[in-house]
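One structure below.
The values are calculated or read from the model by the stated rules, or taken from the named source; none is laboratory data. Model, not experiment: these values are computed from the prediction. Don't worry about glycine lacking a Cβ; one is built from the backbone with ideal geometry, like all the others, and counts go over all protein chains shown.
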């Protein structure tokens, strides 16, 4: 990616560089868009209001599909670009960043999808959807980074364990914060 020029990309695509710049302001945006195209369906699934009921994946299938994205070797480049963007945003407090998971990269979309799962009986109503959404965001971000260090790491067993723990642990007692029996 670093060595390729927009002129070379345009020639390979059979269009002019100007045509590329009409839709993509830079090579980084073009690459980012191409990488995201393959994951858009899954990320749209996390938006509770987006997919129709017939198109919507169940929560377990959605978690599995999200992890499958991370298992794809091409996701490595996307993660590197995401980390570079994250570091640039951390250096510039005024810069907003799409974290890449849920609408606008914010767990609010994940929480909305989890509340939908609760309404459909897929997830216990005793689970705090907002807190679980942040947990899912943190797990997803951490797994992305870990895959850079350990490309052969199997992620599915980790997600299976998280989903089982969510189902097994009783809700916290709101008066003292401890799990009830």
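The residue that is nearest to residue 117 (Cα to Cα), counting only those in region 21-51 that are part of a loop (DSSP other than H, G, I, E, B) and modelled with pLDDT under 70, is 48. Count of region 8-30 residues, restricted to those that are exposed (fewer than 12 other Cβ atoms within 10 Å of the Cβ) and either in contact (Cβ under 8 Å) with a residue 24 or more places away in the chain or touching a strand residue (DSSP E or B) at 6+ places or on another chain (Cβ under 8 Å) (or both), is 0.
Would you pick out the residues in region 54-67 that are part of a helix (DSSP H, G or I) and touching a residue at least 40 places away in the same chain (Cβ under 8 Å)?
Answer for region 54-67, where residues must be part of a helix (DSSP H, G or I) and touching a residue at least 40 places away in the same chain (Cβ under 8 Å): 59, 60, 62, 63, 64, 66, 67.
Listed by first and then second residue, the pairs with beta-carbon distance under 9 Å, at least 6 apart or on different chains, first residue in region 150-164 and within 17 Å of residue 79 (Cβ to Cβ), second assigned to a loop (DSSP other than H, G, I, E, B), are 151/73.
Note on region 108-126: among residues that are touching a helix residue (DSSP H, G or I) at 6+ places or on another chain (Cβ under 6 Å) and surrounded by fewer than 19 Cβ atoms within 10 Å (Cβ to Cβ), the one that is farthest from residue 61 (Cα to Cα) is 125.
Conditions (1) at pLDDT 90 or above; (2) touching a strand residue (DSSP E or B) at 6+ places or on another chain (Cβ under 7 Å); (3) more than 30 Å from residue 29 (Cβ to Cβ); (4) part of a helix (DSSP H, G or I), marked per residue:
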| site | (1), (2), (3), (4) |
| --- | --- |
| 73 | no, no, no, no |
| 85 | no, no, no, yes |
| 95 | no, no, no, no |
| 101 | no, no, no, no |
| 131 | yes, no, yes, yes |
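All conditions but one from (1) out of contact with any helix residue (DSSP H, G or I) (no Cβ under 7 Å at 6 or more places or on another chain); (2) assigned to a helix (DSSP H, G or I); (3) at pLDDT below 85; (4) over 20 Å from residue 109 (Cβ atoms) apply to residue 18; the one that does not is (3).
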